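Below is one structure, written out as structure tokens, with a few remarks after it.
The values are calculated or read from the model by the stated rules, or taken from the named source; none is laboratory data. These numbers come from a predicted model, not from an experiment. Cβ: placed from backbone, ideal geometry, glycine included. Neighbour counts: every protein chain shown. Note: accessible area is taken over every heavy atom of the protein model, side chains too, but ligands, DNA and RNA are not part of it. Shrake-Rupley method; radii C 1.70, N 1.55, O 1.52, S 1.80 Å.
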Amino acid sequence: QVRVVESGGGLVQPGGSLRLSCAASRSGFNIYAYGMGWYRQAPGLQRELVATITSFRGTTYADSVKGRFTISRDNAKNTVHLQMNSLKTEDTAVYYCNNYPGPAWDWGQGTQVTVSS
């Protein structure tokens, strides 16, 4: 099973930026053939899809983050990133990554993003 580890979250003021990273690992595994996605779950709400990137680096974004977030991938390092700019209080959530479509892998612990003044 593929193991994913998310990092880079923290506390930031509204309007600030964070860069999240997701490292995927399994013996002999590489993400190059997989679409990948970032998801988030705010307290009391269902997990939602935030951004996706295909194996050909095509991207999609939820309307709520379009123009503020950028997803990217580094296949050589088996990592996926989410650059988050102009953060809003409503972006507060635990952020997860997984393959997309799917998701088919076990969920990681996620990384907490808190946007507050």
**Message:** Please pick out the residue among 58, 28, 44 that is exposed (fewer than 13 other Cβ atoms within 10 Å of the Cβ), without any contact (Cβ under 8 Å) to a residue 24 or more places away in the chain and under 30 Å from residue 13 (Cβ atoms).
**Reply:** 44
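For every residue, the table says whether it meets (1) within 18 Å of residue 104 (Cβ to Cβ); (2) out of contact with any Leu (no Cβ under 6 Å at 6 or more places or on another chain).
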| position | (1), (2) |
| --- | --- |
| 27 | yes, yes |
| 35 | yes, yes |
| 39 | yes, no |
| 65 | no, yes |
| 70 | no, yes |
**Asked** Out of the residues in the range 105-117 that are in a loop (DSSP other than H, G, I, E, B) and farther than 18 Å from residue 5 by Cα, which is least open to solvent (accessible area, probe 1.4 Å)?
**Response** 116
**Prompt:** Among the residues of the range 73-104 satisfying the criterion of being of a type in the set (A, V, I, L, M) and not in a strand (DSSP E or B), which is modelled with the lowest pLDDT?
**Reply:** 104
**Message:** Here's a check for you: in the range 1-25, which residue that is of a type in the set (Gly, Ala, Ser), open to solvent by less than 50 Å² (accessible area, probe 1.4 Å) and within 14 Å of residue 78 (Cα to Cα) is nearest to the chain's Cα centre (by Cα)?
**Reply:** 21
